[in-house]
1. List pairs: first in segment 49-71 and closer than 21 Å to residue 215 by Cα, second in a loop (DSSP other than H, G, I, E, B), Cβ under 6 Å, 6+ apart or cross-chain?
2. Could you please find all residues in segment 38-60 being over 25 Å from residue 165 (Cα atoms) and in contact with a helix residue (DSSP H, G or I) (Cβ under 6 Å, 6 or more places away or on another chain)?
3. Counting only residues that are under 23 Å from residue 130 (Cβ atoms) and either outside any helix (DSSP H, G or I) or modelled with pLDDT under 70 (or both), how many does segment 82-93 have?
4. Can you find even one residue in segment 94-107 that is assigned to a helix (DSSP H, G or I), at pLDDT 80 or above and surrounded by 13 or more Cβ atoms within 10 Å (Cβ to Cβ)?
5. Which number in (1) at pLDDT 90 or above; (2) in contact with a helix residue (DSSP H, G or I) (Cβ under 8 Å, 6 or more places away or on another chain); (3) loosely packed, with under 15 Cβ neighbours inside 10 Å marks the one condition that residue 70 misses?
6. Is there a residue being at pLDDT 85 or above and closer than 30 Å to residue 23 by Cα anywhere in segment 153-160?
7. Before we move on, is residue 78 surrounded by fewer than 16 Cβ atoms within 10 Å (Cβ to Cβ), touching a residue at least 60 places away in the same chain (Cβ under 8 Å) and either in contact with a helix residue (DSSP H, G or I) (Cβ under 9 Å, 6 or more places away or on another chain) or farther than 30 Å from residue 116 by Cβ (or both)?
C-alpha cells in the first residue's frame, strides 16, 4: 500500500483547490451533501482501481455521486441492522428490576440478570461494530466494482473479500483513524476550527485512495460510468 501517494495525490491535481472547495460547499448541503461526498469517494475508488493517474474526479456528476452515496448508505444500513438488534434489548433489560415489586431479593436478582445481559449484549455490539468498521471498505470496493446493491448483499462473497484482504483493510482503517485523531484536534486548536471542513473532505478522499489501492491489489475491475 502506497501511503505517500494516498497523502499527496490530491495536491498533484492541478485543480485540487477548486475540487476541495467545491467538496466543502457541497457537504454543507443538508442530507444531499453527505450522500454526494460518499458517492464522490466511490468515484475515487473506481479511478484508483482503474489506474487513473489523476484519480481526483471533478464535481460534474453530482446526480451520480448522490445516487451512489444513497445506495451505499442503504447497504451500510442493512449491514448495521444486527447492531441495532443487539443494542435495543440493552435498554429494555433495565426494566426487569421493576417487576420485583417490593420483594428486595427478587429485585436484586432481576437487577443482576439485567446487568449480565446488558454487558453481554454490549460486548457483542462492540465486536460487531468493529466488524462493521472493517466491512465498510470492502462494501465500498464491491459497490465501486459493480454499482449494484445486490453485489454487496452477497454476504459470502463480501466476507470472503474482507478476510482475503484483512491486513490491508485494517491498516487503511487505522491510517484514516490516526489521521483524523491528529489533524482534527490540531485544526480545532490552531485555526479555531476553520480547517475542520477541508480536513474532513481530505480524510474522505484519502480513505478513498487507500480503498482503491486495496481493490487494485485484489485485481478488482471497477465499473465504468
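1. The qualifying pairs are 49/220; 49/222; 50/222; 54/13; 56/13.
2. The answer is 57, 59.
3. We begin by selecting, within segment 82-93, every residue under 23 Å from residue 130 (Cβ atoms); these are 82-91, 93.
Checking which are either outside any helix (DSSP H, G or I) or modelled with pLDDT under 70 (or both) leaves us with 90-91, 93.
So the count comes out to 3.
4. So the first thing to find is which residues in segment 94-107 are assigned to a helix (DSSP H, G or I), and the list is 96-100, 104-107.
Checking the rest, the ones that are also at pLDDT 80 or above come to none.
No, segment 94-107 contains no residue that is assigned to a helix (DSSP H, G or I), at pLDDT 80 or above and surrounded by 13 or more Cβ atoms within 10 Å (Cβ to Cβ).
5. (3)
6. Filtering segment 153-160 down to residues at pLDDT 85 or above leaves 153-160.
Subset that is closer than 30 Å to residue 23 by Cα: 153, 158.
Among the residues of segment 153-160, at least one is at pLDDT 85 or above and closer than 30 Å to residue 23 by Cα, which makes the answer yes.
7. Numbers: surrounded by fewer than 16 Cβ atoms within 10 Å (Cβ to Cβ): yes; touching a residue at least 60 places away in the same chain (Cβ under 8 Å): yes; either in contact with a helix residue (DSSP H, G or I) (Cβ under 9 Å, 6 or more places away or on another chain) or farther than 30 Å from residue 116 by Cβ (or both): yes.
Spelling it out, residue 78 is indeed surrounded by fewer than 16 Cβ atoms within 10 Å (Cβ to Cβ), touching a residue at least 60 places away in the same chain (Cβ under 8 Å) and either in contact with a helix residue (DSSP H, G or I) (Cβ under 9 Å, 6 or more places away or on another chain) or farther than 30 Å from residue 116 by Cβ (or both).
Residue-by-condition table, conditions (1) touching a helix residue (DSSP H, G or I) at 6+ places or on another chain (Cβ under 6 Å); (2) surrounded by fewer than 18 Cβ atoms within 10 Å (Cβ to Cβ); (3) modelled with pLDDT of 85 or more:
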residue	(1), (2), (3)
138	yes, no, yes
144	yes, no, yes
185	no, yes, no
191	no, yes, no
197	yes, yes, yes
209	yes, no, yes
217	no, yes, yes
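The values are calculated or read from the model by the stated rules, or taken from the named source; none is laboratory data. Note that the structure is a prediction, hence the values are computed from the model and not measured. Ideal geometry is used to build each Cβ from the backbone, glycine not excepted, and the neighbour counts take in all protein chains shown.
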